[in-house]
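Each value in this text was obtained by applying a stated rule to the coordinates, not by laboratory testing. Just so we're clear, the structure is a prediction, and the values are computed from it rather than from any experiment. All Cβ positions, even for glycine, are placed from backbone atoms using ideal geometry, and neighbour counts span all protein chains on display.
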Amino acid sequence: MNNPRLVLIEDNPADVLLVREAIRAHGIEVDLVAYSDVPDAIAGLENSENPLPDAVLIDLNLPKGEGMNVIKFLRSSARLRQVPLAILTSSESPRDLEEARSLEVPRYIHKPSTLNGFLDQVGGEIAKLLASRARSSDTGWA
């Protein structure tokens, strides 16, 4: 059986490394594909030659567009509409929270400010996100 495929859309290389470490710390077996900007992420996700992701983790503040644009793309795609997704961001903007809810994003994860907090919380949320691919009603606003 192949590992689940997690797409991470994050422009900060340090945060990509932290996500990798959180995955490792939680013993999660996953193929991680990372994109650093909106056009590359959308091109990679819409390419039907790429395997369908099992989950998508999105930062909101990205170069060449906003993470919400990727979410809108996912929600409008017949192929990708059902892929579980979560936002991983430092934003606590009420506007971002409301827009995420309106787009029915089930998980909104605030980036913890400590290393241990990041590894524990983000790793746990990734495990839940991957598990939710079989349960469409899973919600968790962390």
Based only on other Cβ atoms within 10 Å, what is the fewest-to-most ordering of VAL33, VAL38, VAL122? VAL33, VAL38, VAL122
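Just add up the charged neighbours of ASP59: K/R +1, D/E -1, any other residue whose Cβ is under 10 Å from the Cβ of ASP59.
Values: positive: LYS111; negative: GLU10, ASP11, ASP15, GLU66.
For residues surrounding ASP59, the net value is -3.
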Just report the Cα centroid separation between the stretch 96-136 and the stretch 1-60, whole Å. 13 Å
Who wins for biggest fluctuation among GLU46, GLU99, GLU125 in a Gaussian network model of the chain, springs between alpha carbons below 10 Å? GLU99
Compactness of the chain as Cα Rg over 2.2 N^0.38 Å, two decimals: 0.95
Once phi for every residue in the stretch 50-59 is put through the Karplus expression 6.51 cos²θ - 1.76 cosθ + 1.60 (θ = phi - 60°), the whole-Hz ³J(HN,Hα) values, with Gly and Pro written as x, are 7, x, 4, x, 7, 6, 10, 10, 10, 7
Length-normalised contact order of the stretch 24-142 in % [C-alpha pairs under 8 Å, at least 6 apart]: 26 percent
³J(HN,Hα) across the stretch 63-78 via Karplus (A = 6.51, B = -1.76, C = 1.60, θ = phi - 60°), whole Hz, x for Gly/Pro? x, 6, x, 9, x, 4, 5, 5, 4, 4, 4, 4, 5, 8, 8, 4
Among LEU103, LEU85, LEU62, determine the one that fluctuates most according to a GNM of the chain built with springs between C-alpha atoms less than 10 Å apart. LEU103
Helical mean residue ellipticity (222 nm; -39500 (n - 2.57) per DSSP H run of 4+; nearest 500) of the chain: -12500 deg cm²/dmol
Rough spin-label spacing in nm, given labels placed 7 Å along Cα→Cβ, for ALA78 and SER48: 1.0 nm
Under Karplus coefficients 6.51, -1.76 and 1.60, residue-wise ³J(HN,Hα) of the stretch 100-109 in Hz, glycine/proline x: 4, 5, 5, 8, 6, 7, x, 9, 10, 10
Taking H placed 1.01 Å from N in the peptide plane, check which residues at least 5 places from ILE58 or on another chain put their amide H under 5 Å from its amide H. ILE9, ALA86, ILE87, LEU88
